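The values are calculated or read from the model by the stated rules, or taken from the named source; none is laboratory data. Keep in mind that this is a model prediction, so the values were computed, not measured. Glycine also receives a Cβ, built like all others from the backbone with ideal geometry; neighbour counts cover every protein chain displayed. The protein model used for the area step is the full one, side chains on, heavy atoms only, and it has no ligands, DNA or RNA in it. Shrake-Rupley method; radii C 1.70, N 1.55, O 1.52, S 1.80 Å.
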Amino acid sequence: EVQLVESGGGLVQPGSSLKVSCVASGFTFSSYVMHWFRQAPENGIEWLAYINTDSSSTHYAETVKGRFTISRDNAKNTVDMQLSSLRSEDTAMYFCARERRDSYAHYFDYWGQGVMVTVSS
Amino acid sequence: DIQMTQSPASLSASLGETVTIECLASEDIYDILAWYQQKPGKSPQLLIYDASSLHTGVPSRFSGSGSGTQYSLKINSLQPEDFASYYCQNGLSAPRTFGAGTKLELK
């Protein structure tokens, strides 16, 4: 069974840093592109970052570029995201997700349960 | 960025009814569109990809259609577990944009 389990959320002060992690199981992790998303309370889904299978390519949303860093460890089946210079508007549920292996499209077939990050003084 | 506009934002329906949710892309996305269902406190779940293909395990009462810039999700004979929020997603180009969502509520 495919499973993605996030951890590392919490309450942090503006300007601080936090790392959220996602551990995968039930599939060959090293063969899949992974992404992070977030969803602010009562809001829609926002794509944040992408990392390819061997970590040679990453992309970020403009809203987090330069502040968030995605990484993965294929030996440990984990994908992390380092969140820095946090702002109140970064308060959201953060999800990792697996991208389907379609060569022509980018869909997300498995998602973690999410981890809450709250930025407040 | 491709903008995805969903309508309606909310929808009230009864058990057994049929409902349709619309999604308009700001440019042609060549049927590279997905629909997701999200229940409160849960993560999004893929329902449909390539505009009309059902993801594994999704009941046949769900169907998708459309082309170009206009797409729709139809749910036949609403069941209690279908009351949730639904999102469309551009799967063609980066960034992977989502519609703002449609909240389907029980009348």
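General observations
- Contacts under 8 angstrom Cβ, first residue in the range A:87-101 being over 20 Å from A:GLY9 (Cα atoms), partner open to solvent by less than 10 Å² (accessible area, probe 1.4 Å) and not in a strand (DSSP E or B), 6 or more apart: A:GLU99/A:TYR107; A:ARG100/A:TYR107
- Of the strands (runs of 3 or more DSSP E) entirely within the range A:1-99, those holding at least 2 residues that are crowded, with 18+ Cβ neighbours inside 10 Å and not aromatic (Phe, Trp, Tyr) occupy A:3-7, A:18-25, A:34-39, A:45-51, A:68-73, A:78-83, A:92-99.
- Qualifying residue in the range B:47-56 (condition: of a type in the set (S, T, N, Q) and in contact with a Leu (Cβ under 7 Å, 6 or more places away or on another chain)): no
- Scanning the range B:28-75 for residues that are open to solvent by 10 Å² or more (accessible area, probe 1.4 Å) and touching a Pro at 6+ places or on another chain (Cβ under 6 Å) gives a single hit, B:GLN38.
- The requirement of being touching a strand residue (DSSP E or B) at 6+ places or on another chain (Cβ under 8 Å), surrounded by 14 or more Cβ atoms within 10 Å (Cβ to Cβ) and modelled with pLDDT of 95 or more is not satisfied by B:LEU15.
- One residue stands out in the range B:50-83 among those that are aliphatic (A, V, I, L, M) and at negative phi: the one that is farthest from the other protein chains (Cβ to nearest Cβ), namely B:LEU78.
- Qualifying residue in the range B:86-93 (condition: out of contact with any helix residue (DSSP H, G or I) (no Cβ under 7 Å at 6 or more places or on another chain) and surrounded by fewer than 18 Cβ atoms within 10 Å (Cβ to Cβ)): yes
- Complete set of residues in the range A:1-39 that are within 18 Å of B:GLY41 (Cα to Cα), modelled with pLDDT of 95 or more and out of contact with any Gly (no Cβ under 8 Å at 6 or more places or on another chain): A:SER7, A:GLY8, A:GLY10, A:TRP36, A:PHE37, A:ARG38
- Near pairs, Cβ below 6 angstrom, 6+ apart or cross-chain, from the range B:14-28 (more than 13 Å from B:SER67 (Cα to Cα) and part of a loop (DSSP other than H, G, I, E, B)) to any residue that is among the polar types (S, T, N, Q) and open to solvent by 40 Å² or more (accessible area, probe 1.4 Å): B:GLY16/B:SER77; B:THR18/B:ASN76
- Some residue of the range A:56-72 being in contact (Cβ under 8 Å) with a residue 12 or more places away in the chain and in contact with a helix residue (DSSP H, G or I) (Cβ under 6 Å, 6 or more places away or on another chain): no
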